[in-house]
Amino acid sequence: MFDEIIKYSGFFQNAIKQKYAYKFKVLVFSISPLIFMLIQYYLWKAIFESNNGILFNVSMVQYLSYVGIGLIVENVTLCQQDLLVGEEVKSGNVAMSLLKPLNYGAMVFARHLGDKIGELISIVPVFLFVILRISINTVSIVVLLEFLISLILAFVIMFFLCYITGLLAFWATNCWGLHFLRKSLSFVFSGQAIAIEMYFMVGKSNITYLPFSFLSAEFIKQLFQALGYISYCLPFQAMYYTPSGIYTGIISGQQNILIHMFLQLIWIIFMMFIIKLIWKKAEKRISILGG
């Protein structure tokens, strides 16, 4: 076991060194999450204040906590390995990796872990803002433990999904389109744009104001209900909404929490099966482009 870890430690260390190769890049990575945090914070603060601090039975303090914790979760779980895998397939460098006595998936995961350690500095400004500006309620030891377990599961799910997207480059050749499709779907269905519970709350509410006259209130309610159900049919909510919702209490009750964590485990098992299936297909039809 220890020998296996040593075997992949070089990829882990190189990924950390690459993160700090360019100082300006490190600065940008540190500032950009904070800017996004500020935009979300003041946007939702204004929305809740215009509704007297309550929106669909969710308080402003609770939702701003969700936004703050959610951005930390997003930065911890963020994965860009699909672009690197896709580039290796496109350039032909994947051939050299396959010739080594290493598991390609384990090698990519070791590289991903190094990336995340190198990116920890980018979470510091966001973490300080959350601590100093947002009133985060303390939680019980049990809920904290469930949050940490859920966060680890979310990290694994994000990597598996990213790895699957990268492996599709064996067929799609260029992975950029798949990468941005994954990011776009994640923004809508992960709970980043709006907490998934809010989709169902809007669907059950009495809507009195519509921004467009050609849209009926019933259509809006059915649309948000559909977005909520679709979210639970996709893995994105398990990567962002579940850990964030557990910590902030939007997902409350032990039974509800355990159901969400069980769904995370189901997604991990399902994705492991998909990865094995895709890898077997890829090995049979590897065609190196540019090499």
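Brief remarks on what is shown
- Inter-part distance where the range 104-142 and the range 51-73 are each reduced to a Cα centre, Å: 20 Å
- Cα-Cα over 30 Å, subset of Lys90/Lys276; Lys183/Lys204; Lys45/Lys183; Lys221/Lys276: Lys221/Lys276
- When Val85, Val188 are compared by accessible area at a 1.4 angstrom probe, the order from most to least is Val188, Val85.
- Formal net charge of residues neighbouring Tyr241 (Cβ-Cβ distance under 15 Å; K, R +1; D, E -1): -3
- Hull volume in cubic angstrom per residue (convex hull over the Cα atoms of the range 124-193): 124 Å³
- 3J(HN,Hα) couplings calculated from phi for the range 148-162 with the Karplus curve 6.51 cos²θ - 1.76 cosθ + 1.60 (θ = phi - 60°) are, in sequence order, 5, 5, 5, 5, 5, 5, 5, 4, 5, 4, 4, 5, 4, 5, 5 Hz; Gly and Pro show x.
- Put simply, when 232-242, 248-258, 74-84, 190-200 are sorted by average Cβ atoms within 10 angstrom per residue, most first, you get 232-242, 190-200, 74-84, 248-258.
- For the range 119-164, the equivalent ellipsoid built from the Cα gyration tensor has semi-axes of 24, 18, 7 Å, listed from largest to smallest.
- Length gained on full extension, Gln80 to Ile136, computed as 0.36 nm times the residue gap minus the Cα-Cα distance: 17.2 nm.
The values are calculated or read from the model by the stated rules, or taken from the named source; none is laboratory data. Fair warning: this is a prediction, and the values are worked out from it, not measured in the lab. Here the Cβ is made from the backbone with ideal geometry for all residues, glycine too, and neighbour counts use every protein chain on show. Heads up: the accessible areas ignore ligands, DNA and RNA and are worked out on the full protein's heavy atoms, side chains in. Shrake-Rupley method; radii C 1.70, N 1.55, O 1.52, S 1.80 Å.
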